[in-house]
1. Would you pick out the residues in the range 57-80 that are hydroxyl-bearing (Ser, Thr, Tyr) and at pLDDT below 95?
2. Say we look at the range 162-203 and pick out the residues that are among the acidic types (Asp, Glu) and under 12 Å from the mean Cα position of the chain (by Cα); which of these is farthest from residue 7 (Cα to Cα)?
3. So residue 60 ticks every box in (1) over 26 Å from residue 88 (Cβ atoms); (2) assigned to a loop (DSSP other than H, G, I, E, B); (3) open to solvent by 20 Å² or more (accessible area, probe 1.4 Å) but one. Which box is left unticked?
4. Quick check on residue 72: is it within 14 Å of the ligand (Cβ to nearest atom), polar (S, T, N, Q) and surrounded by fewer than 21 Cβ atoms within 10 Å (Cβ to Cβ)?
5. Kindly establish whether residue 38 is open to solvent by 30 Å² or more (accessible area, probe 1.4 Å) and either farther than 21 Å from residue 219 by Cβ or away from the ligand (no atom under 12 Å from the Cβ) (or both).
6. Restricting attention to the range 41-55, and to residues there that are in a helix (DSSP H, G or I) and more than 8 Å from the ligand (Cβ to nearest atom), which single residue is farthest from residue 76 (Cα to Cα)?
7. Could you pull out the residue among 136, 195, 140, 160 that is touching a residue at least 24 places away in the same chain (Cβ under 8 Å) and open to solvent by 50 Å² or more (accessible area, probe 1.4 Å)?
8. Out of all the residues in the range 198-221, which are in contact (Cβ under 8 Å) with a residue 24 or more places away in the chain and open to solvent by 40 Å² or more (accessible area, probe 1.4 Å)?
Amino acid sequence: IDSADRSPLLRTAGLAAYYGELRAIYDISLTIGQGDVLSIIGANGAGKSTLIKSITGLMNRGRAAHTRGEINYKNQRIETLPAEQIVDIGIAMVPEGRRLFARMSVEDNLLAGAFLPRCRPMAKAKLDEVFELFPRLAERRQQIVSQMSGGEQQMVAIGRALMSSPDLILFDELSLGLAPTVVEDIYHVVQQVYRQGVTCVVIEQDMKRALSVATQVCVML
Ligand code: ATP
């Protein structure tokens with residue numbers, strides 16, 4: 001919307017992504033400014049999830065899933081890096097469906113987000129930050145994740161992403177299947193994360209919500 005004055009954090013050029021022979025996205029050239037909230041909107045199957053999986057290294061699986069084109073992050077080419085190196089350079093993702101360790105506790109799920117050597121020394125302090133952001137999780141730190149509500153699980157997924165101190169977070173389908181009041185709480189946290197200077201990419205089905213949080217909008221057709 002108005003991000004012309006922001007310096008670019010991530011830029012794609014001519015990006016395409018394939019599942020085997022199937023080309024899911026094609027010729028995506030976009031720039032995400034430092035401190036932006038970029039909302040990606042588009043029909044089911046337009047390739048929104050594939051785009052953020054491409055940025056986070058999850059499409060680098062040889063012939064099964066691969067990309068073409070460029071992804072630049074902080075002036076470094078990253079399109080061939082494996083997913084754990086992408087986390088290491090400061091990009092985290094909250095995946096669609098959350099993908100938590102269902103039989104582990106809240107605390108252990110969060111600590112899993114700090115698995116890299118760079119993150120381990122800060123893990124305790126980060127845990128405290130996440131609990132401050134989500135007091136509900138602090139009260140339930142020993143609870144097994146599969147016994148929690150969808151909204152609480154989404155909070156764990158966001159908290160886990162924050163554990164690696166990212167500069168860029170990509171949120172896939174944040175509000176899917178959640179009650180309106182819970183969505184309100186989740187977006188309140190996204191605002192707080194954004195105000196701390198973390199750049200955010202949000203895939204959101206709820207158009208009104210997507211436009212209300214965005215500083216920049218990308219429509220995928
Ligand atoms: P949705 O909102 O439904 O999640 P989306 O915009 O996120 O849609 P993608 O999930 O990125 O879209 O899917 C883009 C295209 O790639 C679709 O045609 C889909 O069928 C295909 N696709 C997605 N995942 C796979 C996969 N693992 N294997 C093969 N094709 C896939």
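1. Across the range 57-80, the qualifying residues are 67, 80.
2. Across the range 162-203, the extreme among qualifying residues is 173.
3. (1)
4. Spelling it out, it is not the case that residue 72 is within 14 Å of the ligand (Cβ to nearest atom), polar (S, T, N, Q) and surrounded by fewer than 21 Cβ atoms within 10 Å (Cβ to Cβ).
5. Judged against the criteria, residue 38 is not a match.
6. 52
7. Matching residue, one of 136, 195, 140, 160: 140.
8. 205, 206, 207, 209, 211, 217, 219, 221
The values are calculated or read from the model by the stated rules, or taken from the named source; none is laboratory data. Bear in mind that the values here come from a model prediction, so they are computed numbers and not experimental data. A quick note on method: Cβ atoms are made from the backbone with ideal geometry, for glycine too, and the neighbour counts reach across all protein chains shown. Remember, those area values only see protein heavy atoms, side chains included, never the ligands or the DNA or RNA. Shrake-Rupley method; radii C 1.70, N 1.55, O 1.52, S 1.80 Å.
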